[in-house]
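Each value in this text was obtained by applying a stated rule to the coordinates, not by laboratory testing. On a predicted model such as this, the values are computed, not experimentally measured, just so you know. Every residue, glycine among them, receives a Cβ derived from its backbone with ideal geometry; neighbour counts consider all protein chains shown.
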Amino acid sequence: MFKLIFTNAKGESIELYGPPYRLMRVEGLGDVEADVQTQKAPFQDGETLIDTVFDARYIQIEIKIVGEDEADIEAKRRYLAAVFNPRLGEGTLFYESETTTRQINAVADSIPLFPDGSTNRGRTFQKAVINLVCPNPYWQGILEGDQMAYLMGGLKFPLVLPARFAHRGFQRVFTNAGDVPTPVQIEFKGPAQNPTIYNRTTGEFIKVNRDLGENDILYVDTSFGNKTVEILRAESNEKENAFNYIDLDSTFFQLEVGDNLIEYNSNNDSILTRVRISYRNRYVAI
């Protein structure tokens, strides 16, 4: 058995599993429509596949509110409506079972429906239907990733192989165990000159033509619709927008499905340099 937990933009949460909000039925954990994009040339038999993209995910949840009396049911109904208020914007829906933990951003497309009738409503119970829209249709796993330390030969430290040392760089394998490519969040702590992150598996890289002082931190997010390049300056504790300093050949790459060989280069031999790569595996269904 699994349970659902919804947390809205205000941080208010509600668990849909057992009383008082007993989970009865849920649809949309897997089924998402795909838009198969094709083109056809004159005199061509059939069509040529261009791409396939997913539509938004729609989830419908049916629950049974259980209470002590009519006043208790009314209070629980009001709280349910407040948590799933569409005006709050996107919240996070969590799926938890004994073996799986997933999450997805979702927003209610209406106030929860409270049907009337003797089979739907009584002195100590009230059925409710919640309709959610997930603009990004992918379920996301737990936060993955680890720190990459810039070290020279001769030092001993714990490390999961494979890895390779070079005079001005360090490589490490990060595995995307999801169903589709996934964006990365990068923290690059100085000192560094023109910090660069390579995905050697795809040949792509992100290079920022700026210097990082000791304890300055470069933040890069390659998420679609949320691309970010910022530098937190240690001296002033203020963030600097570094988007304009991106090398023109850079690509906001994603981790491909499977193993990805990631390398960083700091043009600096300091052992103080640290790089952390974070990401969430993305899945098309649960």
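Overview of values
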{"read-out": "Calculated [θ] (222 nm, deg cm²/dmol) that DSSP helices of n ≥ 4 give over the chain, each run adding -39,500 (n - 2.57)", "value": "-1500 deg cm²/dmol"}
{"read-out": "Loop-exposed trypsin sites (Lys or Arg not before Pro) per DSSP, neighbour cap 16 Cβ within 10 angstrom, longest uninterrupted part of the chain", "value": "41-122"}
{"read-out": "Euclidean distance of C-alpha centroids, the stretch 103-139 and the stretch 197-223, integer Å", "value": "42 Å"}
{"read-out": "Enclosed volume per residue, in Å³, of the convex hull spanned by Cα atoms of the stretch 1-118", "value": "174 Å³"}
{"read-out": "Extent along principal axes [Cα atoms of the stretch 6-73; Å; largest to smallest]", "value": "71, 25, 16"}
{"read-out": "Relative contact order (%) - criterion: Cα under 8 Å, at least six apart; region: the stretch 23-109", "value": "22 percent"}
{"read-out": "Those residues of the stretch 9-39 whose amide nitrogen sits under 11 Å from the label point placed on ASP51, 7 Å along Cα→Cβ", "value": "37"}
{"read-out": "Interchain or long-range residues, amide H under 5 Å from ALA242's placed H", "value": "VAL229, GLU230, ILE231"}
{"read-out": "Estimated dipole of the chain in Debye, rounded to 20 [Cβ of Lys and Arg +1, of Asp and Glu -1, Cα centre]", "value": "560 debye"}
{"read-out": "Filtered chymotrypsin sites (Phe, Trp or Tyr not before Pro), the stretch 182-286: DSSP coil and at most 10 other beta carbons within 10 Å", "value": "PHE224"}
{"read-out": "Spread of Cα-to-Cα distances over 10 Å intervals beginning at zero, given as percent, for the chain", "value": "6, 22, 23, 20, 16, 9, 3, 0"}
{"read-out": "The chain: relative contact order in percent, alpha carbon pairs under 8 Å with at least 6 residues between", "value": "19 percent"}
{"read-out": "Crossing angle, helix 70-83 versus the chain [Cα axis fit, 0-90 degrees, rounded to tens]", "value": "30 degrees"}
